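As structure tokens, the structure follows; a few thoughts come after it.
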Amino acid sequence: MKKSIEELNAIRERMQQNIQVRTENADNTRVVVGMATCGIAAGARPVLTAIVDEVNRRKLKNVTVTQTGCIGVCRLEPIVEIYEPGKEKVTYVNMDENKARQVVSEHLVNQRVVDEYTIGAAK
Amino acid sequence: MEDLSLHILDISQNSLRAGAKNIFIVIRDLPEPDLLEISVEDDGSGMDEELLSRVTDPFVTTRDTRSIGLGIPLLKMAAEMSGGRFNITSETGKGTKIVASFGRSHIDSPPLGDIAETVVTLIQGNPDVRFRYERCTEQGVFSLDTKELAEILQGVPLNEPEVLQWIREYLEDADADI
């Protein structure tokens, strides 16, 4: 069925009733995807899409997905950084769509860092 | 860059970094001659003539994490390799406009790629920036303006996952039509 503007109206009504609209606050986990020339050329766009999709599908609250420019280690792009309150930043490198989905389920859901994809494991 | 949708995403990041609040993306088929033209126009900080004259040089960038910038040179090269043209105009305090055309039937012409994913990615990261996307073909004109969507949404953020999903499907439907 074709998407219509009426459907967007329906989404708005549903969202406005739903008090639990995602809020930005200090307790949020931030997932940051590098989206500069280096990242985009290496495949950052599908990585971002996969993370947004997975976070949404699993209905993870208190997770915000954002984008940034060049992180400075272009040869290791696509790069994803995860900032959790009270913890050290974790940097994942050479990401692809599948690794990104795995990081959401392991790191964000099960609270286990996927060591093999981190910058520390990169050659 | 594998396709034009990735170039558009990349060039739009320059606009965002220049503080643009309005970004207009147009993709136009030009039947005579056989060209596909893309343009990205913004109201960001713009460039003075001196920087503008050097910006297609890969060793020029405004970023401080690295001293080279490849986005604009890569787009210019892709356009010229396919028999198309590249043009950039800019004015300090007003904004920048980039127009690149590609020979559609040229063997080195990159495919258009997933333009819906590019537009959704831009909105996801920048829900407060107004994006207008226009696609013109011989079949007609399609346009999407996030300002109009924001009016319908009355405060519901454009980057709510359900909204992004709707935008993606809306764009994909339109793409199938024209």
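The values are calculated or read from the model by the stated rules, or taken from the named source; none is laboratory data. Values in this document were obtained by computation on a predicted structure and should not be read as measured data. No Cβ is skipped: glycine too gets one built from the backbone with ideal geometry, and neighbour counts run over all protein chains shown. These accessible areas exclude ligands, DNA and RNA; they are computed on the full protein's heavy atoms, side chains included. Shrake-Rupley method; radii C 1.70, N 1.55, O 1.52, S 1.80 Å.
Quick look at the values:
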quantity	calculated
For the protein assembly as shown, share of DSSP beta bridges that run antiparallel, in % to the nearest 5	75
Those Cys residues of chain A for which no other cysteine Cβ falls under 4.7 Å	A:C70
Cα-Cα over 26 Å, subset of A:K61/A:K87; B:K21/B:K97; A:K3/B:K76; B:K97/B:K147	A:K3/B:K76
Rounded to 5, the percent of DSSP beta bridges in chain A classed as antiparallel	55
Prolate/oblate/rounded call for chain B, Cα gyration tensor, a/c under 1.5 rounded	oblate
Cα coordinate range in segment B:81-160, projected on the principal axes (Å, largest first)	45, 35, 23
Set of segment B:67-97 residues, backbone N closer than 17 Å to the point 7 Å along the Cα-Cβ line of B:S53	B:88-92
Range of Cα positions in segment A:22-121 per principal axis (Å), largest first	31, 24, 24
Kirkwood Rh and Cα Rg combined as Rg over Rh, evaluated for segment B:78-117	1.12
Burial of 30 Å² or greater, segment B:156-176 residues [accessible area, probe 1.4 Å, versus chain by itself]	B:V156, B:E160, B:P161, B:E162, B:W166, B:E169, B:Y170, B:D173
Label-point gap, in nm, between A:N110 and B:D108 - each point 7 angstrom along Cα→Cβ	4.8
Protein-protein interface of segment B:106-155, residues with accessible area decrease of at least 50 Å², isolated chain reference, 1.4 Å probe	B:E117, B:T121, B:Q124, B:I152
Equivalent ellipsoid semi-axes - Cα gyration tensor, the protein assembly as shown, angstrom	31, 25, 18
Nearest 10 degrees, 0 to 90: helix A:5-17 Cα axis against chain A principal axis	80
Heavy atoms of B:M1: accessible area, 1.4 Å probe, square angstrom to 10	60
Accessible area per residue, Å², the protein assembly as shown with all protein chains present, probe 1.4 Å	49
For chain B, calculated [θ]222 nm from helices alone, where every DSSP H run of n ≥ 4 adds -39500 (n - 2.57)	-11500 deg cm²/dmol
Percent carbon-and-sulfur accessible area, the protein assembly as shown, ignoring ligands, DNA and RNA, probe 1.4 Å	47
